[in-house]
Amino acid sequence: DTGVSQDPRHKITKRGQNVTFRCDPISEHNRLYWYRQTLGQGPEFLTYFQNEAQLEKSRLLSDRFSAERPKGSFSTLEIQRTEQGDSAMYLCASSLVGGVREQETQYFGPGTRLLVL
Amino acid sequence: AQSVTQLGSHVSVSEGALVLLRCNYSSSVPPYLFWYVQYPNQGLQLLLKYTTGATLVKGINGFEAEFKKSETSFHLTKPSAHMSDAAEYFCAVSLNTGTASKLTFGTGTRLQVTL
């Protein structure tokens, strides 16, 4: 069990550019979550996948944001036409959901820190 | 909707002293409650969680928390602080509704441990 990994760990980009982040969940975890954490705040839910299906999106996820999980394994989060307000830590978490919901625990990756200049 | 309030954005304790980090929640249905710890430039690590059953929950690194429904609280404690406990701590709640367990986090409490 290698844990949740995210790539890249840091990204600096200029306003207006597109960026893409990748998340590799713990093997065989069927749920994958994306959160955003701005400075001095707790993480905020963005979206989640059950296997390859994206089942919920937060109002925080504007039209410039798109997430995919094409084969139910790794996921990508793309931000188009980045704005300075997009600067944040983007966290990915995965979990294994079976028959007993109370057993679900989300395991977080190290995050991708985005800075938009 | 659910929410979490963490009282005290910064807490400073001496090494060996009691650690108490406060968390109050608001939820229209029975909540699941979590404490996570975040070290600088890292992701979140689960300390402990409350789902059902025993209201006193023990976690890793000597931490524990007690779910008090009457006070809508889930305070985190550790009898004796260690220098390695210095980090940011987040309380989180998820709804017990059978849908996805998206977490709602508090704003965090930064714990400083001094000699």
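Checking each residue in segment A:66-103 for being open to solvent by 20 Å² or more (accessible area, probe 1.4 Å) and under 11 Å from the mean Cα position of the chain (by Cα) picks out A:SER66, A:GLU68, A:PHE74, A:THR76, A:GLU78. Among the residues of segment A:4-39, the ones that are open to solvent by 60 Å² or more (accessible area, probe 1.4 Å) and either under 11 Å from the mean Cα position of the chain (by Cα) or of a type outside the set (Ser, Thr, Tyr) (or both) come to 13 in all. If you go through segment B:20-43 and keep only what is over 22 Å from B:ALA1 (Cβ atoms), at pLDDT 90 or above, out of contact with any Ser or Thr (no Cβ under 6 Å at 6 or more places or on another chain) and not aromatic (Phe, Trp, Tyr), you end up with B:VAL37, B:GLN38. Summed over segment B:35-44, the residues that are out of contact with any Gly (no Cβ under 6 Å at 6 or more places or on another chain) and facing chain A (nearest Cβ under 8 Å) give a count of 4. For segment B:8-43, a residue qualifies if it is under 16 Å from the mean Cα position of the chain (by Cα) and free of Cβ contacts under 8 Å to residues at least 24 places away in the same chain, and exactly one does: B:GLY43. Here is the figure for segment B:58-79: residues that are of a type in the set (S, T, N, Q), in contact with an Asp or Glu (Cβ under 8 Å, 6 or more places away or on another chain) and open to solvent by 60 Å² or more (accessible area, probe 1.4 Å) total 1. Of the set (1) away from chain A (no Cβ under 14 Å); (2) open to solvent by 70 Å² or more (accessible area, probe 1.4 Å), all apply to B:THR55 but (2). Looking at B:LEU76, B:LEU46, just one residue is out of contact with any Lys or Arg (no Cβ under 9 Å at 6 or more places or on another chain) and under 15 Å from B:CYS23 (Cβ atoms), and that residue is B:LEU46.
Can you find a residue in segment B:35-47 that is touching a Pro at 6+ places or on another chain (Cβ under 9 Å), on the phi > 0 side of the Ramachandran plot and not hydroxyl-bearing (Ser, Thr, Tyr)? Looking for residues that are touching a Pro at 6+ places or on another chain (Cβ under 9 Å), on the phi > 0 side of the Ramachandran plot and not hydroxyl-bearing (Ser, Thr, Tyr), one finds at least one in segment B:35-47, hence yes.
For the condition in contact (Cβ under 8 Å) with a residue 24 or more places away in the chain and either among the polar types (S, T, N, Q) or assigned to a helix (DSSP H, G or I) (or both), B:THR77 qualifies.
The values are calculated or read from the model by the stated rules, or taken from the named source; none is laboratory data. Not measured: the values here are computed from a predicted model. Don't worry about glycine lacking a Cβ; one is built from the backbone with ideal geometry, like all the others, and counts go over all protein chains shown. Calculation scope for accessible area: heavy atoms of the full protein, side chains included, ligands and nucleic acids excluded. Shrake-Rupley method; radii C 1.70, N 1.55, O 1.52, S 1.80 Å.
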